[in-house]
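Structure first, commentary second.
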């Protein structure tokens with residue numbers, strides 16, 4: 001006879017509570033096992049495999065792919081792959097940073113509207129989600145096309161030659177990616193700003209705080225929960241993002257997402273693709289670890 | 001002389017702080033030469049400014065269509081404890097926020113010492129506030145919370161440490177330095193909020209209902225502690241509260257507010273003893289209000305003729321007497337005596353609340369007697385105990 005307990009008001013035996021818990025959790029765990037853990041392990045194994053003549057996986061294990069990723073090849077050392085990884089990291093960092101800088105005023109603006117208007121603004125912020133990402137990215141081709149105001153302005157400032165578009169390149173990638181990731185930062189940040197205790201801001205002011213100090217001590221700590229979610233939701237996908245840099249960056253701005261896609265597509269080198277993927281995962285985990293440790297210290 | 005200690009500590013801190021022998025005090029620059037004994041002169045100069053206290057001149061404030069404050073004139077004497085007392089929604093908190101610099105009045109001036117600070121931003125005012133919910137910074141520990149103001153003004157670390165530690169000692173908070181606000185009880189949080197404001201040595205300390213979150217027993221204790229602290233520091237304290245007991249316990253002066261106006265100001269005992277309106281009489285303590293018509297040496301009322309100590313300015317008006325001022329007599333008194341029947345007795349431990357009929361008077365007595373419902377007793381409303389209201 002199992003022990004009878006009161007579980008948040010419900011009288012139940014420990015045994016049936018356990019059974020119920022297992023029934024609830026099992027599908028989720030199973031899903032994760034089948035579609036996340038096992039594929040990840042397979043990917044890790046594949047990253048140590050080799051490439052056959054026709055691009056098939058050859059089960060001869062070694063560190064060849066990782067050596068290649070680090071830049072060692074038959075013809076000596078090259079930093080190309082590391083540069084792409086580093087560029088992805090930096091791009092993701094700046095896209096996250098710019099999204100945060102843009103989101104703060106936006107979040108405060110929306111939170112200070114009347115409740116009715118708030119929903120209108122939030123809807124405007126969410127509308128892009130309703131459109132396919134490829135189509136949204138294509139829209140940039142039109143906006144940045146040659147002989148349209150933006151390109152003309154850039155040509156006038158002698159930033160690009162006359163009659164050329166503003167893509168492909170880093171600028172277009174940043175524009176496209178920030179427009180995609182801005183809501184991911186702005187929405188969680190808004191939910192934090194909405195709950196902001198303004199009395200702390202007043203207290204900081206009353207205690208002689210400068211504007212920077214007010215932000216750092218009274219606003220930032222209070223908005224940190226939303227900000228953290230926003231940063232993770234932006235940084236992690238941004239580091240491995242594929243569609244936007246592929247379309248707007250082209251060959252001029254190769255990021256790790258495109259590199260991986262190439263290995264599984266045109267180059268048909270799955271093993272090397274798997275190795276880059278592992279590198280990307282480690283990079284992402286490392287960044288997140290760095291971020292949480294830093295955030296905890298603060 | 002009252003301020004010497006205070007100015008001394010201020011100037012000493014300036015000496016440590018400012019090597020150029022100039023003290024900036026409320027925007028006024030004073031130069032001094034420590035070697036020539038000019039410091040004393042400086043103290044006197046600043047002391048003269050300090051003595052003026054805080055003055056509010058014709059403050060008006062509207063939020064939308066609501067007139068929150070109407071023509072407020074008020075003086076908070078330097079080194080005294082002033083309480084703004086009134087029911088919720090009377091504008092007392094808005095007035096406090098105007099003094100703190102967290103609101104700007106539509107019309108009127110806030111004057112500290114001899115300087116108009118109406119438009120001076122909060123972070124420049126030598127005024128600190130203790131918020132109702134304390135507004136402690138949750139991510140900072142207690143030491144950092146208390147040091148916040150000093151750090152913002154870039155005091156040297158050693159001085160910050162010394163001053164914070166002193167405040168920790170004064171407010172019995174030693175050992176809590178490294179805790180976070182959420183690990184403290186309500187009373188402790190309140191003391192941290194007090195320390196955080198006081199460590200800046202403000203001219204005026206504002207307290208926005210700081211005891212509303214404490215339970216009754218703790219509140220009574222903290223009230224006495226607050227009073228002691230103010231007397232020790234000799235600083236100007238301005239407290240906002242709706243609790244009349246609290247106002248009486250802590251204050252030197254009370255300003256009673258109602259619907260955006262100040263109804264009556266004065267020393268605490270004066271306001272209690274001589275209420276000028278029905279509102280003050282009933283809000284500050286309990287009162288029997290007796291309407292009457294002036295006649296001869298007193299007034300004619302429903303319960304009989306009452307002799308007064310002096311004649312009122314009105315023909316038809318009201319006098320007030322507090323339940324504890326009514327005396328119970330064995331026989332019918334010759335002056336202002338009334339016979340009544342005990343209609344209700346409420347036992348309060350140290351005293352009885354008795355309601356008499358048909359005169360409908362409430363009497364408070366600590367004299368032990370076995371009163372029973374229906375007993376007939378004699379009471380005396382002595383002329384010197386009858387407060388004559390303004391109308």
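The values are calculated or read from the model by the stated rules, or taken from the named source; none is laboratory data. As the structure is a computational prediction, the values presented were derived from the model and not from experiment. Cβ: placed from backbone, ideal geometry, glycine included. Neighbour counts: every protein chain shown.
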- the stretch B:157-189: number of residues that are within 14 Å of chain A (Cβ to nearest Cβ) and either surrounded by 16 or more Cβ atoms within 10 Å (Cβ to Cβ) or not in a helix (DSSP H, G or I) (or both): 7
- Item | Condition met for residue A:123 (part of a helix (DSSP H, G or I), under 20 Å from residue A:235 (Cα atoms), assigned by TED's automatic domain parsing to the domain that holds residue A:189 and at pLDDT below 95) | no
- Note on the structure: Of the residues in the stretch A:161-177, those that are touching a residue at least 60 places away in the same chain (Cβ under 8 Å) and farther than 20 Å from residue A:130 by Cα number 7
- Note on the structure: Log entry, pairs with first residue in the stretch B:334-345 being not assigned by TED's automatic domain parsing to the domain that holds residue B:373, second being at pLDDT 85 or above and surrounded by fewer than 18 Cβ atoms within 10 Å (Cβ to Cβ), beta carbons closer than 7 Å, six or more apart or on different chains, reads none
- Query: Which residue out of B:75, B:62, B:80 is surrounded by fewer than 17 Cβ atoms within 10 Å (Cβ to Cβ) and either out of contact with any strand residue (DSSP E or B) (no Cβ under 9 Å at 6 or more places or on another chain) or in the same structural domain as residue B:188 (by TED's automatic domain parsing) (or both)?
  - Reply: B:62
- Item | Single unsatisfied condition, residue B:328 versus (1) within 30 Å of residue B:69 (Cα to Cα); (2) surrounded by 15 or more Cβ atoms within 10 Å (Cβ to Cβ); (3) not assigned by TED's automatic domain parsing to the domain that holds residue B:98 | (1)
- Message: Looking only at helices (runs of 4 or more DSSP H) that lie completely in the stretch A:33-120, which have at least 3 residues being under 17 Å from residue A:284 (Cβ atoms)?
- Response: A:38-46, A:80-111
- Condition set at the interface with chain B (Cβ under 9 Å from one of its Cβ atoms) and touching a residue at least 24 places away in the same chain (Cβ under 8 Å), scope the stretch A:178-230, selection nearest to the chain's Cα centre (by Cα): answer is A:224
- Query: Taking the stretch A:248-269 only, how many residues are part of a helix (DSSP H, G or I), surrounded by 20 or more Cβ atoms within 10 Å (Cβ to Cβ) and in contact (Cβ under 8 Å) with a residue 60 or more places away in the chain?
  - Reply: 6
- Message: Criterion first (in a helix (DSSP H, G or I), more than 14 Å from every other protein chain (Cβ to nearest Cβ) and in contact with a strand residue (DSSP E or B) (Cβ under 7 Å, 6 or more places away or on another chain)) does residue B:223 satisfy it?
- Response: no
- For the stretch A:142-167, the count of residues that are outside any loop (DSSP other than H, G, I, E, B) and touching a helix residue (DSSP H, G or I) at 6+ places or on another chain (Cβ under 8 Å) equals 2
- Could you check, for the stretch A:284-296, whether at least one of its residues is over 30 Å from residue A:217 (Cβ atoms), in contact with a helix residue (DSSP H, G or I) (Cβ under 6 Å, 6 or more places away or on another chain) and modelled with pLDDT of 85 or more? yes
- Query: Based on what the data block shows, is residue B:371 modelled with pLDDT of 85 or more, crowded, with 16+ Cβ neighbours inside 10 Å and over 23 Å from residue B:292 (Cα atoms)?
  - Reply: no
- Message: If I filter the stretch B:163-170 for residues that are assigned by TED's automatic domain parsing to the domain that holds residue B:84 and in contact (Cβ under 8 Å) with a residue 40 or more places away in the chain, do I get at least one hit?
- Response: yes
- Criterion: in a helix (DSSP H, G or I), at pLDDT 90 or above, surrounded by fewer than 20 Cβ atoms within 10 Å (Cβ to Cβ) and in the same structural domain as residue A:172 (by TED's automatic domain parsing) - qualifying residue of A:276, A:232: A:232
- Quick one: which residue in B:104, B:117 is within 14 Å of chain A (Cβ to nearest Cβ) and either farther than 18 Å from residue A:206 by Cα or surrounded by fewer than 17 Cβ atoms within 10 Å (Cβ to Cβ) (or both)? B:104
- Selected residue [in a loop (DSSP other than H, G, I, E, B), within 14 Å of chain A (Cβ to nearest Cβ) and in contact (Cβ under 8 Å) with a residue 60 or more places away in the chain] from B:193, B:197, B:213: B:213
- Residue tally, condition surrounded by 19 or more Cβ atoms within 10 Å (Cβ to Cβ) and at the interface with chain A (Cβ under 9 Å from one of its Cβ atoms), over the stretch B:129-143: 6
